[in-house]
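The values are calculated or read from the model by the stated rules, or taken from the named source; none is laboratory data. Just so it is clear, the model here is predicted, and its values are computed rather than measured. FYI the Cβ positions are ideal-geometry reconstructions off the backbone, even for glycines, and counts take in every protein chain you see.
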């Protein structure tokens, strides 16, 4: 499956201010998520985000929150964003079958979200360089389990190049700095 802008939505899972400091490699994860959001915005790919129990874990990290509208952010208590009624309805309303998933934590909310999306007919892809966990071993096991269950594992660069489709366009020139 190649990722297409007219079929994709980007879903940020729980990249939250109080959780991020505990995540191994959080800065890289957040930066890759930021680049994906900027590319999505440039290419008219819808973006949604979840916040797991924001009362306890805080809201999205400021560098991502600044790129989203409040109507694109959904508080949840389910570990799976796919199980949250408001998030599920927002995704369904987009009419997209490919859901690009990134965020925290790879073995809990990201995994349960991607598997839940798959079970409800979406084609999720988890972006390996844009997910994190407190323990790197849990991140790796989460990604392995997702792959074993047929969820596509990709990288942020793969997604951006596939969304672009070709070089030499205005979109390519706009997104290229995010890849470099």
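The set of residues in the stretch 29-40 being out of contact with any strand residue (DSSP E or B) (no Cβ under 7 Å at 6 or more places or on another chain) and closer than 13 Å to residue 174 by Cβ consists of 35, 38, 39.
Taking residues in the stretch 155-180 that are at positive phi, and partners anywhere that are part of a helix (DSSP H, G or I) and modelled with pLDDT of 95 or more, the pairs with Cβ atoms closer than 9 Å and at least 6 places apart or on different chains are 165/171; 165/172. Within the stretch 92-119, the residues that satisfy the criterion of being more than 12 Å from residue 81 (Cβ to Cβ) and either over 10 Å from the mean Cα position of the chain (by Cα) or at pLDDT below 95 (or both) are 92, 93, 94, 95, 96, 97, 98, 105, 106, 107, 118, 119.
Assessment of the stretch 120-137 against the conditions (assigned to a helix (DSSP H, G or I) and surrounded by 20 or more Cβ atoms within 10 Å (Cβ to Cβ)) yields no matching residue.
Considering the conditions (1) more than 11 Å from the chain's Cα centre (by Cα); (2) under 24 Å from residue 163 (Cα atoms); (3) modelled with pLDDT of 95 or more, residue 70 is excluded by exactly one of them, (2). Residues that are touching a strand residue (DSSP E or B) at 6+ places or on another chain (Cβ under 9 Å) and in a helix (DSSP H, G or I) within the stretch 145-154 comprise 146, 147, listed in sequence order. Here residue 15 passes the criteria (1) under 13 Å from the mean Cα position of the chain (by Cα); (2) free of Cβ contacts under 8 Å to residues at least 24 places away in the same chain except the one numbered (2). None of 62, 54 is free of Cβ contacts under 8 Å to residues at least 60 places away in the same chain and either closer than 28 Å to residue 165 by Cβ or crowded, with 16+ Cβ neighbours inside 10 Å (or both) except 54.
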